[in-house]
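Reviewing the structure listed below.
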Amino acid sequence: MYKLAILDDDEHWCRIVQRFLKQQYAIATYKSVSSFLWELDELNQYDIFLVDFVLPTARHELNTDGMEIVTALKRRLSRSPVVILVTAYMSKNELEVHGKQMCPEADGFFAKDAGLELLAHQIKQLLPPGTTEES
Amino acid sequence: MVTNSGFRNLKDQFLPERKEALLARMANRIRQSLNLQEILDATVVELRAFLQTDRTKVYRFDRDGHGHVVAEASAPNRLPSLLGLHYPADDIPPQARALFVKARTRSIVNVSEQRIILNSLPTPTTTAIGDLTVEEVQEQPLEDILSRPVDPCHVDYLTQMGVQSSLVVPIIYQQELWGLLISHHAEPREITSEDLLVVQLLADQVSLAITQASLLSQVQEQQQRDAIVNQIATMLHAPLTPEEILHNVLEQAVKASGSSGGRLYLTSPDEALPAHLYTYGNQPAPSEQEQPHLLENHPLWQEVRKIPAPIGTTLTQKDKPALRVVINLQQEPRLHQLIESFQTTPIRGLIVQPLYYSKEFLGYLTFFRDQISTKNLWPGYEEADERQQRPRQSMAQWQALKEDKAHPWSIEEMELIQSLNIHLSLAVLQNRLYHRERQQRLIVEMHNEALSHARAAAEEVSRLKSNFLASTSHELRTPLASTLNYLKLLKERLYEDEDELREYIDGAYQSTQNLVTIINDVLDIAKIEDGRIALDLETVYLQQLLQEQCFLSGAESRYKAIPLTLDCEIETVFADKIKVRQVMTNLLDNAFKFTDEGQIDVRAVVDSTGTMAQISVHDTGIGIEMENSEQLFSPFVQADGSAQRSYGGTGLGLTICKRLVELMGGKIWLESPGLGQGNTVTFTLPLNEQSQVAGQGSLVEGQAPS
């Protein structure tokens, strides 16, 4: 089963995604950057990351945004995970147009107002072809 | 006795050689030297050697008529020295001078017998002028004049000085009496016509020397004046402020013109530049300070201004600026009202010039001169020789005449001042241009700055608006997405049991409620910022209002076991009751939301200005770091972003409070000792209508931490 990590401080969103995708993926949630450990060993276990676009503006995290985190995940993790940028700042349509421009390193973009099926579909498409849930 | 006939005969015998030798030597000296004093000194030595008399001297007339001995040669212990002594103009009156010019040589061979011989006449016995006028001397035949008796006063004068024989030859320069070549002898002494002729030739040579020396000194003085003018003109381009330049130029002009003080008064050309007075050196007494520029407002100055004086950029004869010279302030009737200002000062003379550039009147240039120090002009004053008594008496009279009078400015000095005037006019004009240009530049800079501020403000508004929109859309979409997704889970029955079902329903409900709160808050702020919110200001009984608010929070207080206290020292405020309630509700909600233990205190006191109520809500909650406490009043900002999720709420509460408090004429600020140490939010409200009208927030300036 693929392992999926969600970095988002919105409790409801985390809960919904977990419920919706729990059949397909092993899911872990992180509600703040400070709890999202930068230990490569721990992060290396995940195949998919859902990262909120701009993370909570906690004072000690002011200089970190979702794009930096995406870049760090893509460059530093040896397993080259699938990273999807998730945001409520933009609508589905806006994100399709501007997403790649804002964060070229992300594999996919997901607007929170889009349907969860779309998210599931997008994840499946982004995972390496031929691999199965059992890999 | 030197004058025995044997010696004279011997001398006469060699006269032609001696005469030629003397004249040749003098001509040689004049050729060799351009120094007049040197030539005069040699002349008196040669003359005395030639005539064998006790004293020979050169007496020079000054511009004001008085004279002084400029060169002298004398035999030891015969007649006292007169070198350097001054004599008043009256000593050799105008008519006597006219006679010198007319008769050329005059010789009194025996003072006691009053015998006078003039070389141009064959008649040996003649007399002096008596009380003839200058015109009479010039009109009457010389014979008639010389037939008059010798002036007894002159006889007395010479006798008292111990002179028994006198020979006087005028030195004429440019048709005017420049001075006298004089020989005195203590005993009666005849002088031959040959001697007289030689002396006359010598005087002619001296005239030639004077011409040469005058030309030289004129050139030298002109060069000196040009140098001064150039030096001052250079100062105009010094790398200093125009004010410093003008002050320095004035200082140099005062020094160069031999004045004791000066002032440069500049009129006000327009509102931008006030009238200005630069002063240097001696000035009229302090009473002037009470009425600045008094001097320049005086009719004397005003009159000078009226003299048409067009000045070009180069000094030509016809362009010379007008001058008004006062040598003796006491004798200028129009200055009587100003005399008091000058009395306590040494200033006795002044010169006024208007400053013009083209037709534009710029102001006045005034120079002062102090009274003459007469003692210095009388080096022989302390000599005890009785024979000096008469010159001393003359000097005393002259001193009396000179008192309360300043040295007049010479033609050259006046020309110098006129040259400086032109340069100063240019400098003043430069100064004005500089100030006008600077003023224009300042205005442009101010406009630019205002534009830049306006642009920055517009950009900031635009940025805030963008941020607000971005934040708002994010804040609205997040609960909306949650609601939608919960509903989707419910709709597709994606729950395993009753508990999970309830969890989704609760999530959808809570998300929707958040959405409603956010929408309300956003609409509130939009309304306030659009000015569409109406205030209903009235006298509000604060104690009662705060008690009610505390009562409403009572349930929360009991639920969280956090005591809530109230201390209100104020009876009423002038505010909108509903808005005050909204602010208090927000602050109390926040306080309870962020506090898990300790207590919450509400306090209302009169501030230090006595015009505002200061209401604070203090909690013992999570607190914040104070660095950016002001940010908390910006929309969607919370001390800890995750707190927004952990504790709920929109992050718009403090923003709304700030807008409402400011609308009511107060201010709001937050203080916290640090993270985990609680915080205090304080806001002010006007105590009554007057303070509300007067302040609109400015009353509490300085109370709020900036």
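Structure summary
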item: Failed item in (1) modelled with pLDDT of 90 or more; (2) open to solvent by 40 Å² or more (accessible area, probe 1.4 Å), with residue B:619 passing the rest; result: (2)
item: Candidates A:53, A:49 - the one that is touching a helix residue (DSSP H, G or I) at 6+ places or on another chain (Cβ under 6 Å), crowded, with 18+ Cβ neighbours inside 10 Å and either aliphatic (A, V, I, L, M) or at pLDDT 85 or above (or both); result: A:49
item: Counted residues, the stretch B:46-70 - those being over 55 Å from the mean Cα position of the chain (by Cα) and open to solvent by 20 Å² or more (accessible area, probe 1.4 Å); result: 4
item: Number of positions in the stretch A:1-46 that are assigned to a loop (DSSP other than H, G, I, E, B), surrounded by fewer than 21 Cβ atoms within 10 Å (Cβ to Cβ) and at pLDDT 85 or above; result: 6
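Results for (1) away from chain B (no Cβ under 11 Å); (2) in a strand (DSSP E or B); (3) open to solvent by less than 20 Å² (accessible area, probe 1.4 Å); (4) touching a strand residue (DSSP E or B) at 6+ places or on another chain (Cβ under 7 Å), shown as yes or no for each residue.
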residue: A:84; (1), (2), (3), (4): yes, yes, yes, yes
residue: A:93; (1), (2), (3), (4): yes, no, no, no
residue: A:97; (1), (2), (3), (4): yes, no, no, no
residue: A:109; (1), (2), (3), (4): yes, yes, no, yes
residue: A:113; (1), (2), (3), (4): no, no, no, no
residue: A:120; (1), (2), (3), (4): yes, no, no, no
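Residues are listed down the side, and each one gets a yes or a no for (1) among the aliphatic types (A, V, I, L, M); (2) within 11 Å of chain A (Cβ to nearest Cβ):
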position	(1), (2)
B:452	no, no
B:461	yes, no
B:464	yes, no
B:475	no, yes
B:496	no, yes
B:518	yes, no
B:521	no, no
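The values are calculated or read from the model by the stated rules, or taken from the named source; none is laboratory data. Just so it is clear, the structure is predicted and the values come from calculations on it, not from any experiment. Cβ atoms come from the backbone with ideal geometry, glycine included; neighbour counts cover every protein chain shown. Each accessible area value is taken on the protein alone, full model and side chains, heavy atoms only, with ligands, DNA and RNA left out. Shrake-Rupley method; radii C 1.70, N 1.55, O 1.52, S 1.80 Å.
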